Amino acid sequence: MAIRIFTTGGTIDKVYFDARSEYEVGEPTISGILRACGVTAEYRVETLLRKDSLDMTDEDRRFVADRVATCGEPRVLITHGTDTMVETALALRGLAGRTIVLVGSLSPAVFRHTDAEFNIGFAFAAVQTLPEGVWLAMNGRIFEPERVVKNREANRFESTG
């Protein structure tokens, strides 16, 4: 069972540029993380976007949904920025025959102390075991997109019911 991984950017792929004193979305990090962790399950990575999720548009979400709908794999993992991850997950509802898991991180994967590696491993396991539907995998928990919010003050995702 191959897993399709789509990358869209977000904090998980951000890198810091000293000369500009700001972060920008860099190359996707998930392939390196999965290799370093010794993942042996079959997967394919495709970069769809390299955007901060705050810059994603409804057109971007339709593009992501179209790629998910037309890919050959029924299990799909999407790396995504955390600020609008819920909106994208909601836009993916209704894609029958798919298990779709969105994952991101609250700090860049290149940081020494980051939740990126844990979140990716957790999401990779989740996409293999969850039933059909759209899910978010963050902070060691699985969330339904209709019942989750990002608590910016606590820097975590929380269930709303």
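The values are calculated or read from the model by the stated rules, or taken from the named source; none is laboratory data. Here the structure is a predicted model, which means the values were calculated and not measured. Methodologically, a virtual Cβ is constructed for each residue, glycine included, from the backbone with ideal geometry; neighbour enumeration extends over all protein chains shown.
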Of the residues ASP55, ASP115, ASP66, which is under 12 Å from THR8 (Cβ atoms) and either without any contact (Cβ under 8 Å) to a residue 12 or more places away in the chain or crowded, with 19+ Cβ neighbours inside 10 Å (or both)?
ASP55
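Give me the residue from region 69-86 that is among the hydroxyl-bearing types (Ser, Thr, Tyr) and within 24 Å of GLY97 (Cβ to Cβ) and, out of that set, surrounded by the most Cβ atoms within 10 Å (Cβ to Cβ).
Within region 69-86, the match that is surrounded by the most Cβ atoms within 10 Å (Cβ to Cβ) is THR79.
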State which residue pairs qualify: first residue surrounded by fewer than 19 Cβ atoms within 10 Å (Cβ to Cβ) and inside region 120-132, second residue of a type in the set (Lys, Arg) in any location, beta carbons under 7 Å apart, and separation of 6 or more residues or different chains.
GLN128/ARG75; GLU132/ARG98
Only one residue in VAL15, VAL45 is surrounded by 12 or more Cβ atoms within 10 Å (Cβ to Cβ), of a type in the set (A, V, I, L, M, F, W, C) and at pLDDT 90 or above, so which one is that?
VAL45
Within region 133-147, of all residues that are more than 15 Å from ILE30 (Cβ to Cβ) and small (Gly, Ala, Ser), the one surrounded by the most Cβ atoms within 10 Å (Cβ to Cβ) is GLY133
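I'd like to check which helices (runs of 4 or more DSSP H) are fully inside region 46-161 and have at least 1 residues that are within 15 Å of the chain's Cα centre (by Cα), under 25 Å from MET1 (Cα atoms) and hydroxyl-bearing (Ser, Thr, Tyr).
85-92
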Residues of region 139-149 classified as at pLDDT below 95 and either under 14 Å from GLU87 (Cβ atoms) or touching a Gly at 6+ places or on another chain (Cβ under 7 Å) (or both), total:
0
